Structures are given as structure tokens and as C-alpha cells.
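So the structure is just underneath, and the comments pick up after that.
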Amino acid sequence: MVRSRMLVLPFPNFDPVLVQMGPLKIHWYGLAYAAGIVLGWKYALYLAKRYVPTILPQYLDGFVTWIVVGIVVGGRFGHILFYDLSHYISHPVEILMTWKGGMSFHGGLAGAVIAAFIYCRRLRIPLFVFGDILTSACTIGLGLGRITNFINAELYGITTDLPWGVVFPNAGAMPRHPSQLYEAFGEGALLWIVLHQAWKIPGLRSQPGRITGLFFMGYGIVRFLVEYVREPEIIYAVAGCAITQGQVLSLPLIALGAWWLRRQAKKN
């Protein structure tokens with residue numbers, strides 16, 4: 001098939017450094033993390049005030065530092081363990097260079113869960129109610145993070161002949177799926193809409209943990225599907241089928257979310 005070059009979308013010339021003032025550099029990643037935390041915190045306050053007044057504003061205020069540490073530490077070590085362990089064993093000093101090498105969502109999620117568990121135990125806050133609020137709010141940060149992946153021309157998709165294929169720098173001359181934008185829509189906008197609507201259903205919000213289960217399952221499904229058009233970092237052969245590292249890590253989330261939804265429905 002002859003492909004029209006007029007359909008190829010050139011990658012916008014984004015500078016990964018948003019602002020530079022002398023030696024101080026503010027990267028797009030920094031803006032995305034800051035905006036995701038602030039907007040997520042504001043949305044969490046809204047959900048608590050409207051649906052769960054027992055979760056006081058000071059509980060959410062105090063958790064901001066905890067979740068930042070959990071996401072950064074968990075995300076960094078998740079990337080190291082899941083994607084590039086041998087490199088960091090050889091170059092341990094790079095472990096602390098969070099701006100170099102990347103972060104893992106699955107690791108960040110694990111870090112956030114551990115932080116929430118410890119925080120809720122210390123303050124005697126209902127964990128599953130708190131988790132429902134946090135998972136709903138984190139979709140905002142997920143969407144912003146994926147947009148930043150696109151701006152940084154990283155985690156792009158496989159080659160495509162579709163009209164919206166993008167030619168990314170340092171990724172060859174062929175257009176590729178803008179898989180970062182697929183994930184920004186699916187993990188961010190779409191999942192936020194689903195969870196936001198779920199809060200409006202009394203039967204769901206009155207059963208603590210079901211919205212969290214819906215988040216786990218929804219994220220896992222979106223990530224698993226997008227992996228088919230995302231340039232894989234690690235591929236395994238399972239029963240004669242190729243499966244990526246992202247899919248391997250997403251399957252437990254889908255199973256856990258589905259099981260938890262069913263368990264809480266039966267329990268209540």
C-alpha cells in the first residue's frame with residue numbers, strides 16, 4: 001500500500017525544560033507532578049465534603065507529603081526493579097537521579113498504597129473509604145503524566161500507517177502511534193468520568209472499596225489494551241503468545257479489581 005506522506009504528523013518541537021532561571025530548571029515532569037497533586041488534592045477535598053464528611057479536610061492535607069514520597073520512591077524503585085535492574089546494579093548512583101531513566105506507574109501505585117495504609121492506621125481513618133477518594137483523584141495526575149510523556153517524546157507507540165501517526169524524534173522516520181495520548185484519555189479522562197459517575201450511585205459509594213476496585217480494574221484494562229500499540233520495553237513469551245511487561249503487571253490489577261468489586265458486593 002502506498003502511503004501518503006501528507007498524512008504524517010510531525011512531532012511538535014517541545015523543549016523538555018519548561019522554564020530555566022540560571023541553574024534552576026523546571027521540567028514538564030515537575031509541572032505535571034505539581035499540578036497533578038494540587039488538582040488531585042482539590043478534587044479529593046470536593047469528594048470528601050460532598051460524599052464522605054467523616055474524612056476531614058485535615059486528613060487529606062496531612063496526606064499530601066505522604067503520597068508524594070510514596071509515589072516518587074515507589075515509582076522510581078518500580079522502574080528499577082521491573083524494567084532496568086541490571087543497569088542500576090552497574091550504576092547505583094543513578095538510582096537517585098529521578099529525572100533520568102523514568103518512573104513506573106505500578107511502582108508508584110504500590111508506594112501510594114503503602115503510604116495510605118500506614119497513614120490510615122496511624123490516624124485511625126477508614127482505609128477503604130480513604131482509598132476510594134484517593135484513587136478517584138489520582139486519575140488527574142495520570143492524565144497529566146501521560147501528556148508529559150508525549151511532550152518528552154518518550155513511551156511512544158509502534159509504527160503505524162494511520163493518519164494520526166506521529167514521527168517522534170530519535171524514533172526513526174516512520175510515524176508511530178501516539179500511545180501516550182491514548183493512555184492520557186483512557187487512564188486519565190475516561191477513568192475519571194467513570195469514577196466520578198460512580199460516586200453518584202448510592203449503592204457504590206456506600207460500599208467502601210468498590211470504587212477502588214473499579215479503578216484497579218479500569219486502569220488495568222486500559223493499560224493492557226494500549227500495550228498492544230505501545231513500543232514494548234520487555235516482551236515475554238507465554239503459551240506461544242507475546243506479552244509485554246506492562247501487560248504482566250496489569251493483569252494482577254484487573255484480577256484484584258474484579259475480585260474486590262465482587263467481594264464487596266457480596267459483603268454488603
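Looking at GLY209, GLY172, just one residue is loosely packed, with under 14 Cβ neighbours inside 10 Å and on the phi > 0 side of the Ramachandran plot, and that residue is GLY172. When CYS138 is tested against the conditions (1) farther than 30 Å from ASN13 by Cβ; (2) in a loop (DSSP other than H, G, I, E, B); (3) within 16 Å of the chain's Cα centre (by Cα), the lone failure is (2).
Kindly establish whether GLU187 is closer than 20 Å to LEU214 by Cα, out of contact with any His (no Cβ under 9 Å at 6 or more places or on another chain) and of a type in the set (Asp, Glu). In short, yes.
Restricted to segment 109-140, and to residues there that are among the β-branched types (Val, Ile, Thr) and in contact with a helix residue (DSSP H, G or I) (Cβ under 7 Å, 6 or more places away or on another chain), the residue that is nearest to LEU253 (Cα to Cα) is THR135. ILE158 satisfies every condition listed in (1) in contact (Cβ under 8 Å) with a residue 60 or more places away in the chain; (2) buried (at least 17 other Cβ atoms within 10 Å of the Cβ); (3) within 25 Å of TYR236 (Cβ to Cβ) except (2).
Condition first: in a helix (DSSP H, G or I), surrounded by 14 or more Cβ atoms within 10 Å (Cβ to Cβ) and among the small types (Gly, Ala, Ser). Now tell me which residues in segment 79-131 satisfy that. Result: GLY107, GLY108, ALA110, GLY111, ALA112, ALA115, ALA116, GLY131. Residue count for segment 223-252 satisfying the condition of being within 17 Å of THR139 (Cα to Cα) and either free of Cβ contacts under 8 Å to residues at least 24 places away in the same chain or buried (at least 21 other Cβ atoms within 10 Å of the Cβ) (or both): 3. Contact map, segment 194-219: first residue without any contact (Cβ under 8 Å) to a residue 24 or more places away in the chain, second residue assigned to a helix (DSSP H, G or I) and exposed (fewer than 15 other Cβ atoms within 10 Å of the Cβ), Cβ cut-off under 6 Å, separation 6 or more or different chains; the map is empty. Summed over segment 8-34, the residues that are among the aromatic types (Phe, Trp, Tyr), out of contact with any helix residue (DSSP H, G or I) (no Cβ under 6 Å at 6 or more places or on another chain) and part of a helix (DSSP H, G or I) give a count of 1.
For segment 115-126, the set of residues classified as closer than 26 Å to ALA265 by Cβ and either in contact (Cβ under 8 Å) with a residue 40 or more places away in the chain or in contact with a strand residue (DSSP E or B) (Cβ under 7 Å, 6 or more places away or on another chain) (or both) consists of ALA116, ILE125, PRO126, listed by residue number. In segment 35-69, which residue that is among the polar types (S, T, N, Q) and part of a helix (DSSP H, G or I) is nearest to the chain's Cα centre (by Cα)? Looking at residues that are among the polar types (S, T, N, Q) and part of a helix (DSSP H, G or I), I get THR65.
For segment 164-211, filtering for residues that are part of a loop (DSSP other than H, G, I, E, B) and of a type outside the set (A, V, I, L, M, F, W, C) leaves 12.
On the stretch given as segment 141-163, residues that are in a loop (DSSP other than H, G, I, E, B) and over 13 Å from ARG223 (Cβ atoms) total 9. In segment 214-252, of all residues being modelled with pLDDT of 95 or more and not in a helix (DSSP H, G or I), the one that is farthest from LEU181 (Cα to Cα) corresponds to TYR228.
The values are calculated or read from the model by the stated rules, or taken from the named source; none is laboratory data. What you see is a predicted model, and the numbers here were worked out from it, not measured in a lab. Note that each Cβ is placed from the backbone with ideal geometry, even for glycine, and that neighbours are counted across all protein chains shown.
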